[in-house]
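Okay, so here's the structure we're looking at.
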Amino acid sequence: MSSTHDPVVADPLTEREILAIQHLIAEIAFAFDCGGGYAERLSGLLADDVQYENPGKTRLHSLAELVDTLENSADPALSHHLSTMTVQPAGPGTATCRSKVVTFRSGGRLSVGEFTDTVRRGPGGRWTLTHRLVNPII
């Protein structure tokens with residue numbers, strides 16, 4: 001019996017690819033926490049046509065929309081902390097990464113959730129984020 005979380009065996013990822021994807025997700029977290037200059041910091045990490053979804057809050061359809069949202073946020077995140085990360089192949093040149101996230105905001109507020117990220121391998125083997133689904137837990 002299989003489930004939706006079973007790995008796809010047709011296009012397995014190497015350990016090097018898995019580490020590169022995990023590093024990409026960490027670099028994106030640092031870029032989100034930089035407090036400005038998002039266009040420069042996220043360029044090359046996210047695809048120009050990235051889809052970003054936070055159900056009930058945000059649905060964005062490009063890097064430009066995401067950068068604009070971050071630059072104009074009245075309550076930007078101060079620090080993202082990622083854990084419990086899994087990476088699975090999703091098809092030729094793509095993978096899905098799931099991770100838990102705790103996000104700290106001003107005034108000591110925090111939120112807890114899960115990211116489901118889709119990444120794509122581009123020229124030279126560089127991975128970029130093409131889709132992020134935020135699933136808030138608290």
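Just so it is clear, none of the values below were taken in a lab; they were calculated from the coordinates. Every value quoted in this text rests on a predicted model; they were computed, and no experiment measured them. Here Cβ is always computed from backbone atoms with ideal geometry, including for glycine, and neighbour counts include all displayed protein chains.
In table form, for the structure just shown:
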read-out: Of the trypsin sites (Lys or Arg not before Pro) in segment 40-109, those whose Cβ has at most 12 other Cβ within 10 Å and which sit in DSSP loop; value: LYS57, ARG109
read-out: Relative contact order [Cα under 8 Å, 6+ residues apart], segment 15-136, whole percent; value: 25
read-out: 222 nm mean residue ellipticity, helices alone, for the chain (DSSP H n ≥ 4; -39,500 (n - 2.57); rounded to 500); value: -7000 deg cm²/dmol
read-out: Answer label, with Kirkwood radius over Cα pairs in Å calculated from the coordinates and candidates (i) 17.5; (ii) 15.5; (iii) 14.5; value: (ii)
read-out: Cα gyration tensor shape of segment 44-122, rounded if a/c is under 1.5, else prolate or oblate by comparing a/b with b/c; value: oblate
read-out: Phi-based couplings in Hz for segment 30-44 (Karplus 6.51, -1.76, 1.60; Gly and Pro marked x); value: 4, 5, 5, 8, 7, x, x, x, 5, 4, 5, 6, 8, 4, x
